[in-house]
Every structure is written in structure tokens, then in C-alpha cells.
Amino acid sequence: MSAEVPTAAPSFDPFADADSGEEVVTKGIVHLRLQQRNGRKSLTTIQGLDKKLDLERLTKAFKKEFCCNGNVVEDKELGRVIQLQGDQRENVKKFLIQEEIASKKMIKVHGI
């Protein structure tokens, strides 16, 4: 008497559609992240802004608009990144859309 062993469900390949020829847009996406410091302190980092933008002037506008401190940091891997004090992700998103610096679909807010 032979007993049939049930086979596992068909295997799912999460990368199967990667070879479909459709290019995933990664350039031009602005990433807004929150970095936790010590205690309740945090930093908002903004990366992926257009190279043509004057990040110092943009940082100055952010600081004035949101009443926070900030600076531009040069990173080896990520390039030039804006850092702002506190959780300013939603404020920055609204500002970038309002000033037409980036479209809503090109802004990725991390950590919500």
C-alpha cells in the first residue's frame, strides 16, 4: 500500500515580475525618514532631491517655515541629505507639493 505524500503549495517567486521588462522608477523619488536620537529627540532626513536644487536655500526655507534647526550633510552613499530637528515629515511633504518641487507620487514617507 503506497501512501501519497501531499505536496506543498506551489512555490511563489516574489521576483518573477522583475524580468517582465517594466522598469521600476527609483530615480527622482524623494525619501523622508525619521531617525530616532536619544530620548524623545529625533531627526527628519530628506534625500533624493534634484541635484539642480540649492539645498542650502531650501534648508533655510524649511527652517523658517517649520521653526526648527537643520543643515545639509554630505554622505558617501546617499549624497547630499537635509537634516531637520524633530518630526517634520508631513510638513516637508506638504511644502514640497505646494512649492511644486516634487509631485505627490514621487515622495515616499518612511516610518508611518
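The values are calculated or read from the model by the stated rules, or taken from the named source; none is laboratory data. Given the structure is predicted, the values throughout are model-derived calculations rather than measurements. FYI the Cβ positions are ideal-geometry reconstructions off the backbone, even for glycines, and counts take in every protein chain you see. In case anyone asks, the SASA skips ligands and DNA or RNA and just uses the protein heavy atoms, side chains included. Shrake-Rupley method; radii C 1.70, N 1.55, O 1.52, S 1.80 Å.
Nonpolar atom fraction for the range 67-108, defined as the carbon and sulfur part of the 1.4 Å probe accessible area, stands at 43 percent.
Taking a 1.4 Å probe, which of SER103, SER42 shows the most accessible area, and what order do the others take after it?
Values: SER103 55, SER42 15 Å².
Order by accessible area, largest first: SER103, SER42.
Using 0.36 nm per residue and subtracting the Cα-Cα separation, the extra length available between LEU53 and GLU77 on full extension is 6.8 nm.
Database remark: amide H of ARG80 closer than 5 angstrom to the amide H of ASP75 (H placed geometrically; neighbours at sequence offset of 5 or more, or on other chains; Pro and chain starts carry no H). Each principal axis of the Cα cloud of the range 58-112 was taken in turn, and the coordinate range along them, longest first, works out to 27, 26, 22 Å. Take the Cα of GLN35, step 7 Å toward its Cβ, do the same at ILE97, and the gap between the two points is 2.6 nm. Qualifying trypsin sites (Lys or Arg not before Pro) in the range 47-112, where qualification requires a DSSP coil assignment and no more than 16 other C-beta atoms within 10 Å, comprise LYS51, LYS52, LYS76.
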